[in-house]
Amino acid sequence: MTTYSVDTFHSSINFSIKHMMITKINGTFDSFSAHIEADDIETFTNAFIRFELDVASVNTRDTSRDQHLISADFFYTDRFPKIIFIQKSIEGTNNSFKLHGDLTIKNITRPTTFDVIYTGHVKNPWDGDTYGFTCTTIINRKDFGLTYNAALEAGGLLIDELVTINVELQLNILK
């Protein structure tokens, strides 16, 4: 089994959600870690994958919105400081995979599947191996107790229920 580290300077965990039914708001989680092992990372043979996000690192480029997101109205980071994903199974071939696992937000765990595309392998300038992946999923935030919302005067809601999550990963062999 080979252990891989996430190059956090060249990786990102992003999300987007429709706001006022007309535009999308984008954000990131700036602090995260992962434990990844596999016999062959390109095919995920015998893989184990676990991600942890520091919820307080949410960044939507609006400090007041970020403070609202970490409050009890949303993530309630005083009680639930981490979002955790643990892989349960992987299916697929070539460069396209389904990564099935358990996603835990606010101590609520739901099965979640990421669509994963293997984007390649290169020798990096430091004589190491670097691997790339793009991972996406859509979750319903209400499934995880993220229920805050407000009605709009013209009809509809301030915040959509569906959240798109996009993860861009660069992995290196841990030495």
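The values are calculated or read from the model by the stated rules, or taken from the named source; none is laboratory data. These numbers come from a predicted model, not from an experiment. Cβ coordinates were reconstructed from backbone atoms using ideal geometry, including for glycine residues, and neighbour counts include every protein chain displayed.
Summed over segment 1-15, residues that are among the aromatic types (F, W, Y) and surrounded by fewer than 17 Cβ atoms within 10 Å (Cβ to Cβ) total 1. Return the residues of segment 129-164 that are under 15 Å from K24 (Cα atoms), in a strand (DSSP E or B) and in contact (Cβ under 8 Å) with a residue 60 or more places away in the chain; say none if nothing qualifies. Within segment 129-164, L157, I159, D160, L162, V163, T164 qualify. So which residues in segment 2-15 are hydroxyl-bearing (S, T, Y) and not in a strand (DSSP E or B)? Within segment 2-15, T8, S11 qualify. Within the option set G120, G101, being touching a strand residue (DSSP E or B) at 6+ places or on another chain (Cβ under 6 Å) and over 18 Å from H35 (Cβ atoms) holds for one residue only, G120. For the residues T2, T45, T8, the requirement of being within 15 Å of N166 (Cα to Cα) and among the β-branched types (V, I, T) singles out T8. Of all residues in segment 102-111, those satisfying the criterion of being assigned to a strand (DSSP E or B), out of contact with any Ser or Thr (no Cβ under 6 Å at 6 or more places or on another chain) and not aliphatic (A, V, I, L, M) are T104, T109, R110, P111.
Here the condition is being at pLDDT 95 or above and more than 21 Å from Y76 (Cα to Cα); of T164, T104, T109, T137, it holds for T137 alone.
Conditions (1) surrounded by fewer than 12 Cβ atoms within 10 Å (Cβ to Cβ); (2) closer than 19 Å to S12 by Cα; (3) polar (S, T, N, Q), marked per residue:
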| site | (1), (2), (3) |
| --- | --- |
| K106 | no, no, no |
| T109 | no, no, yes |
| T113 | no, yes, yes |
| K123 | yes, no, no |
| T130 | no, yes, yes |
| L146 | no, no, no |
| I165 | no, yes, no |
| L171 | no, yes, no |
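If you check F85 against the conditions, is it loosely packed, with under 13 Cβ neighbours inside 10 Å, closer than 19 Å to T134 by Cβ and among the aromatic types (F, W, Y)? In short, no.
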